[in-house]
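Worksheet: the structure to be examined is printed underneath.
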């Protein structure tokens, strides 16, 4: 029974991703891009889920790993002469590097993972709001350095002419692979230890869980996946600036995760696809389609209203019930009576 | 003399951040809610000033306070369903509210920016022994100190203040003992509205160009300051806001000119160091805190 449910937890999201890919591949050219970009968003959101969902700690810094992944993959995919024309002071080892598509994605994942590990060693000691602010500080530092240090990247300029290799096959395989890795991690021993620590840090620590180490494992894995997502993103867009991987992306990916539901893979995938779809639809409606002609700016207002509404009236996310632990109501009441103030304290 | 001028400028920025930080800390204290949408109170107030530039000063200021307080009370109604939510959900919801309000401002007024100049005479600088001190700096410090003392007195010396502290300490027990928590929360938002309106006034004098992200730009450093200073007390949080403003301004003057572009990195690296060294806050009494995730 539990094995069947376990598999369905993976099969559901994967099937959904495949369906979106299928729908997109038969759609017209302009719409197809929206579908591909939804799949890339889903990849990034699943990466974010690996850390936030399993650890219960909010990270505002994951777009840093997307950013370094995107720039790493972009820089190793562009010919030397072109790189030097954008940024003449580039370190020679970056300027000379030129590899194929798959290798560039691997490099993106590696750079994201290593960066996340280095950041995570000190930061994973924090939790709650301090962790939120510290990861936000990482985002600000990453953006500031990438933008102003011409030796490691294009600085404030645009890195363009990156080969657009993120076709349907690539983004679908990428998103599904990341979903499978996320699933495998959450079912593994480290994943379960971290989830235990999320539910009750004191009890987990008492049972010998090294919370710092488990969080670091998740953070590093999540950073590598986010870097990979960044690689997919740069190969989708063909060009990248530091502004595209900064506050807006941070907000939208976090909103996708929380709207869908932080604590399940389903939530991450549903949230990402739903919000992407809505965003694309509203952007089209602003240009005027099928009798709908919204004023410019209405997209953001509608999106903001929907996000706020979902968050206010369903704080656990759209699919929060789907994977709720199966506890009978009677048992739930008895558990609650044993710890009358648990809920208040936690909030 | 140059060093003194640096300090004066730093105090100016610090007191501005402190005013914003105080409002955020007040709401956090009562509701355990980090209100990102606090910045949009400032933006709303600044647009209110922009719309009333033609009217007499007293009317402008009255409209400013009315608008900001109305926005604050509306925020309270909006976040009411959140009381049982997890801190992460709360954080992102107020972020979404802030995003929503920003997009509304963008829809109505566009991103170009509108000039809401008020009390321009406060911007003039007085020359005190070679130091340039703008009147608005003096006013900000005065208003900030006054509001801090006033709020502290209110919290410590009045019944509603006692109820607010009780609700902040243990919401459920306070409720069981007869504290009307709904009223307490509404009052906290009202107070935050007053603080935000005062902050808006000081802010608009110095930065008259109002854009949809006007308040949001200030909320980020103020929020960082609140966490760095220590969330649990109004004073420590306010001091944290001051410290971040002061530090940013001093570093901006001290850094060599070719390193100045990296100012945000230096500031945020310091923030990380402080958080690692003292996760419960720079200005809180050292004690072991069991962090709840």
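Rule-based calculations on the coordinates, nothing more; no lab input. Computed from a predicted model, the values in this text were never measured in an experiment. Glycine gets a Cβ as well: all are built from the backbone with ideal geometry, and neighbour counts include every protein chain shown.
Applying 1/(1 + (r/R0)^6) with R0 = 25 Å to the Cβ-Cβ distance of residue B:146 and residue A:298 gives a FRET efficiency near 0.05.
Residues considered: B:48, B:145, B:243. Largest GNM mean-square fluctuation over chain B, using C-alpha springs under 10 Å, is found at B:145.
Stretching the chain fully between residue B:278 and residue B:112 yields a gain of 55.6 nm (0.36 nm per residue, less the alpha carbon separation).
Legend: calculated FRET efficiency, residue B:158 to residue B:32, from the Cβ-Cβ distance at R0 = 22 Å, rounded to 0.05, equals 0.50. Legend: mean number of C-beta atoms from other chains within 10 angstrom of residue C-beta atoms, peptide B:253-265, equals 3.
Ranked by Cβ crowding within 10 angstrom, fewest neighbours first, how are B:260, A:29, B:134 ordered?
Ascending number of Cβ neighbours within 10 Å: A:29, B:260, B:134.
Residue by residue along A:310-318, Cβ atoms of other protein chains within 10 Å of the local Cβ number 5 on average. Take the Cα of residue A:102, go 7 Å toward its beta carbon, and the backbone nitrogen atoms of the range A:168-200 under 19 Å from that spot belong to A:168-181. Under the rule a/c < 1.5 gives rounded, and otherwise a/b versus b/c splits prolate from oblate, where does the range A:66-111 land using the Cα gyration tensor? Cα axes put the range A:66-111 in the prolate bin. Spin-label pair residue A:80-residue A:210: with each label point 7 Å from Cα along the Cα-Cβ axis, the two points sit 4.4 nm from one another. Counting, for every residue in B:31-44, the Cβ atoms of other protein chains within 10 Å of its Cβ and taking the mean gives 1.
Where does chain A land at 222 nm, in deg cm²/dmol rounded to the nearest 500, when only DSSP H runs of n ≥ 4 count, each adding -39500 (n - 2.57), divided by all residues?
Taken over chain A, the calculation gives -24000 deg cm²/dmol.
For chain B, adding -39500 (n - 2.57) for each run of n ≥ 4 DSSP H residues and dividing by the number of residues yields -24000 deg cm²/dmol at 222 nm. Residues A:91, A:185 in ascending order of nearby Cβ atoms (within 10 Å, fewest first): A:91, A:185.
Distance between the modelled labels on residue B:260 and residue B:186, one decimal in nanometres: 5.0 nm (7 Å Cα→Cβ projection). Determine the shape class of the range A:103-179: with a ≥ b ≥ c the square roots of the Cα gyration tensor eigenvalues, call it rounded for a/c under 1.5, and otherwise prolate if a/b is greater than b/c, oblate otherwise. Oblate.
Mean-square fluctuations from a GNM of chain B, with a 10 angstrom spring cutoff on Cα atoms, peak among B:281, B:39, B:130 at B:130. Globularity index of chain A is 1.02 (Cα radius of gyration / 2.2 N^0.38 Å, N = number of residues). Build a GNM of chain A with springs between Cα atoms under 10 Å apart, and of A:303, A:48, A:257 the one that fluctuates most is A:303. Please state the shape class of the range B:189-293: rounded when a/c is under 1.5, otherwise prolate if a/b exceeds b/c and oblate if not, all from the C-alpha gyration tensor. Here the range B:189-293 falls in the oblate category. The range B:46-74 and the range A:89-156 have Cα centres spaced 44 Å apart.
Note on residue A:313 and residue A:114: the model spin-label points, each 7 Å out from Cα along the C-beta direction, lie 4.9 nm apart.
Label point of residue B:253 set 7 angstrom out along Cα-Cβ; within the range B:1-42, amide nitrogens under 20 Å from it belong to B:1-19.
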